[in-house]
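The values are calculated or read from the model by the stated rules, or taken from the named source; none is laboratory data. Model, not experiment: these values are computed from the prediction. Ideal geometry is used to build each Cβ from the backbone, glycine not excepted, and the neighbour counts take in all protein chains shown.
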């Protein structure tokens, strides 16, 4: 059974949703017959590349983007941090650094060739939300990819070129065709779509139903709307 997940490295609900799905899969009787494939979705493809001098923290960026008081943006971050803690994640949004995630997505496509995609996805999310790293920095991306199991030669080849940029764009276009306006967006066997960081039990029900039917169709139905998502207009 194929599970495809459209998400971004800089999406907090994508990290929470990853944990919820992992919990559902841990108790799924057919876990060994499930393939998880990460798809690209850039929330802000036009984001500037980071520099070492950029100040950390996302609250000021949120406040500036939406014209809200800084205190309101900080309260939003507090809510997201609390949700992450419930999923066992340690967010430090005051240390997070805005970045362009294209290179990270390109490396994730390369990681899939080496059976290291999920490991790299986890390292990238942790780097952004917990460690306050610049996830568009080539030195960092090389280290994380190699640690995850991508050969250094392959990593340097991708980062030194535009390789997989077309695959990233194709994922973006496919997400739109499937009706995904935000992420995470999880598609199970091309039959069921789960939008947002849904509770564990929603993922469990979807996995069980999809397994029982095992008849793929072209367009998935969107299950259990209302989960927390990030979209181009924000989280």
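Collect the residues in the range 181-229 that are at pLDDT 75 or above, surrounded by 16 or more Cβ atoms within 10 Å (Cβ to Cβ), in contact with a strand residue (DSSP E or B) (Cβ under 6 Å, 6 or more places away or on another chain) and under 28 Å from residue 79 (Cα atoms), keeping them in residue-number order.
182, 183, 184, 185, 186, 187, 193, 194, 195, 206 - these are the residues of the range 181-229 that are at pLDDT 75 or above, surrounded by 16 or more Cβ atoms within 10 Å (Cβ to Cβ), in contact with a strand residue (DSSP E or B) (Cβ under 6 Å, 6 or more places away or on another chain) and under 28 Å from residue 79 (Cα atoms).
Just a yes or no: is a residue in the range 97-113 under 16 Å from residue 18 (Cα atoms), out of contact with any helix residue (DSSP H, G or I) (no Cβ under 8 Å at 6 or more places or on another chain) and assigned to a helix (DSSP H, G or I)?
no
Tell me, which residue of the range 48-67 that is touching a strand residue (DSSP E or B) at 6+ places or on another chain (Cβ under 8 Å) and either surrounded by fewer than 16 Cβ atoms within 10 Å (Cβ to Cβ) or free of Cβ contacts under 8 Å to residues at least 60 places away in the same chain (or both) is nearest to residue 100 (Cα to Cα)? Even if it seems obvious, please write down each step before you answer.
Taking the range 48-67 and keeping what is touching a strand residue (DSSP E or B) at 6+ places or on another chain (Cβ under 8 Å), we get 62, 65-66.
Subset that is either surrounded by fewer than 16 Cβ atoms within 10 Å (Cβ to Cβ) or free of Cβ contacts under 8 Å to residues at least 60 places away in the same chain (or both): 65-66.
Values: 65: 16, 66: 19 Å.
Filtering the range 48-67 for residues that are touching a strand residue (DSSP E or B) at 6+ places or on another chain (Cβ under 8 Å) and either surrounded by fewer than 16 Cβ atoms within 10 Å (Cβ to Cβ) or free of Cβ contacts under 8 Å to residues at least 60 places away in the same chain (or both), the one nearest to residue 100 (Cα to Cα) comes out as 65.
So which of 73, 82 ends up being surrounded by fewer than 18 Cβ atoms within 10 Å (Cβ to Cβ), free of Cβ contacts under 8 Å to residues at least 24 places away in the same chain and not in a loop (DSSP other than H, G, I, E, B)? Break it down stepwise before answering.
On the way: 73 fails: surrounded by fewer than 18 Cβ atoms within 10 Å (Cβ to Cβ).
The unique qualifying residue is 82.
Kindly indicate whether any position in the range 22-39 is under 9 Å from the mean Cα position of the chain (by Cα) and either surrounded by 19 or more Cβ atoms within 10 Å (Cβ to Cβ) or at positive phi (or both). Give the derivation first.
Within the range 22-39, the subset under 9 Å from the mean Cα position of the chain (by Cα) is 38-39.
Subset that is either surrounded by 19 or more Cβ atoms within 10 Å (Cβ to Cβ) or at positive phi (or both): 38-39.
The answer is yes; a qualifying residue exists.
Restricting attention to the range 171-178, does a residue exist that is more than 27 Å from residue 106 (Cβ to Cβ) and either surrounded by fewer than 22 Cβ atoms within 10 Å (Cβ to Cβ) or at pLDDT below 95 (or both)? Give the derivation first.
Filtering the range 171-178 for residues more than 27 Å from residue 106 (Cβ to Cβ) gives none.
No - not one qualifying residue is present in the range 171-178.
Go through the range 100-136 and report how many residues are surrounded by fewer than 20 Cβ atoms within 10 Å (Cβ to Cβ), more than 15 Å from the chain's Cα centre (by Cα), over 16 Å from residue 149 (Cα atoms) and touching a residue at least 40 places away in the same chain (Cβ under 8 Å).
1
Only residues that are closer than 16 Å to residue 121 by Cα, in a helix (DSSP H, G or I) and free of Cβ contacts under 8 Å to residues at least 40 places away in the same chain: list them for the range 139-170, please.
Across the range 139-170, the qualifying residues are 140, 141, 142, 143, 144, 145, 146, 147, 148.
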